[in-house]
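The values are calculated or read from the model by the stated rules, or taken from the named source; none is laboratory data. Just so it is clear, the structure is predicted and the values come from calculations on it, not from any experiment. Cβ sites come from the backbone with ideal geometry, for glycine too, and all protein chains shown count toward neighbours. Please note that ligands, DNA and RNA were not included when accessible areas were found on the heavy atoms of the full protein model with its side chains. Shrake-Rupley method; radii C 1.70, N 1.55, O 1.52, S 1.80 Å.
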Amino acid sequence: MEQISSAVSVIAFVVVIALWFLFGGVFLLRKKPEATTDGAKMPRSYVGLVLQGVGFVPVWFMRRQPVFSEYFAGQYVLNIVLQVLAVALAAFSVWFAMSALRELGKQWSLEARLVEGHKLITSGVYQTVRHPIYTAMLGMLIAIGIAYSTWLPTLVGVIVFIIGTKIRTVFEERLLSDAFGSDFSEWKAKVPGLIPFVKI
């Protein structure tokens, strides 16, 4: 069972890393939309973005020892289940991010901003969570944490990421609230922010 568990860990790590490259490619290689004129901006939202990035540091730099050992020492069956979960979570996250970008189109940006003619997107994955790209990022963080790191760095990374996301979304949602008023308020009341079915 130990050998099977180790083999599954290796396969899961390779697949999750491949999905990480695909996840990055979704943003880097996507077709560039036509240039737009910016409306309102929230430059301070970059503080949240930086914290989100910091959340990934523990899981990337604190790997399991030995590499490809069990996530919880001696728990071979649990490790196999967790590695399969990591692959499924990473694959889901890539799809979720792709779906979100497709819905956003030219409105997607690293900076919290509105573009000229901005629309409130509530269709597709935006019916599940208000910030699906951040949901996908969180999924990728947890996936690499399971495939490569240990539970403590993963937990720390998730906490830091969620704090950064909260800061980021406060600015984003302030813009949307100012622009769309009651339509935004109604959507926010119905749809969770980050995690499906969880009101945070």
Out of contact with any strand residue (DSSP E or B) (no Cβ under 9 Å at 6 or more places or on another chain) and at pLDDT below 95: which single residue out of I121, I144 fits that description? I121
Residues that are surrounded by fewer than 21 Cβ atoms within 10 Å (Cβ to Cβ), among the hydroxyl-bearing types (S, T, Y) and in a helix (DSSP H, G or I): does the stretch 138-151 have at least one? no
Candidate set from the stretch 7-30 (those that are part of a helix (DSSP H, G or I) and modelled with pLDDT under 90); member that is surrounded by the most Cβ atoms within 10 Å (Cβ to Cβ): V26
Of the conditions (1) within 19 Å of L28 (Cβ to Cβ); (2) open to solvent by less than 50 Å² (accessible area, probe 1.4 Å); (3) aromatic (F, W, Y), Y126 fails just one. Which one is it? (1)
Consider G193 against the criteria (1) touching a helix residue (DSSP H, G or I) at 6+ places or on another chain (Cβ under 9 Å); (2) under 21 Å from L104 (Cβ atoms); (3) part of a helix (DSSP H, G or I): it satisfies all of them except one. Which criterion is unmet? (3)
Provide a single number: the residues in the stretch 62-103 that are open to solvent by 70 Å² or more (accessible area, probe 1.4 Å), part of a helix (DSSP H, G or I) and over 19 Å from L22 (Cα atoms). 3
Do we have V191 as of a type in the set (V, I, T), modelled with pLDDT of 90 or more, in contact with a Lys or Arg (Cβ under 9 Å, 6 or more places away or on another chain) and surrounded by 14 or more Cβ atoms within 10 Å (Cβ to Cβ) here? yes
Applying the selection to the stretch 31-61, what residues are hydrophobic (A, V, I, L, M, F, W, C) and either part of a helix (DSSP H, G or I) or at pLDDT below 95 (or both)? A35, A40, M42, V47, L49, V50, L51, V54, V57, V59, W60, F61
When the stretch 46-61 is checked residue by residue, the ones that are open to solvent by less than 60 Å² (accessible area, probe 1.4 Å) and either under 11 Å from T154 (Cα atoms) or of a type in the set (D, E) (or both) are G55, F56, P58, V59
Determine if the stretch 169-176 includes at least one residue that is β-branched (V, I, T), at pLDDT 95 or above, surrounded by 19 or more Cβ atoms within 10 Å (Cβ to Cβ) and in a helix (DSSP H, G or I). no
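Table: residues versus (1) touching a residue at least 40 places away in the same chain (Cβ under 8 Å); (2) under 23 Å from G48 (Cα atoms); (3) assigned to a helix (DSSP H, G or I); (4) small (G, A, S).
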position: G105; (1), (2), (3), (4): yes, yes, yes, yes
position: I121; (1), (2), (3), (4): no, yes, no, no
position: Y126; (1), (2), (3), (4): yes, yes, yes, no
position: V129; (1), (2), (3), (4): yes, yes, no, no
position: L155; (1), (2), (3), (4): no, yes, yes, no
Any residue in the stretch 16-31 that is farther than 17 Å from G105 by Cβ sitting within a Cβ distance under 9 Å of a residue that is hydroxyl-bearing (S, T, Y) and open to solvent by 30 Å² or more (accessible area, probe 1.4 Å)? List the pairs, counting only those 6 or more apart or interchain. V16/Y148; I17/Y148
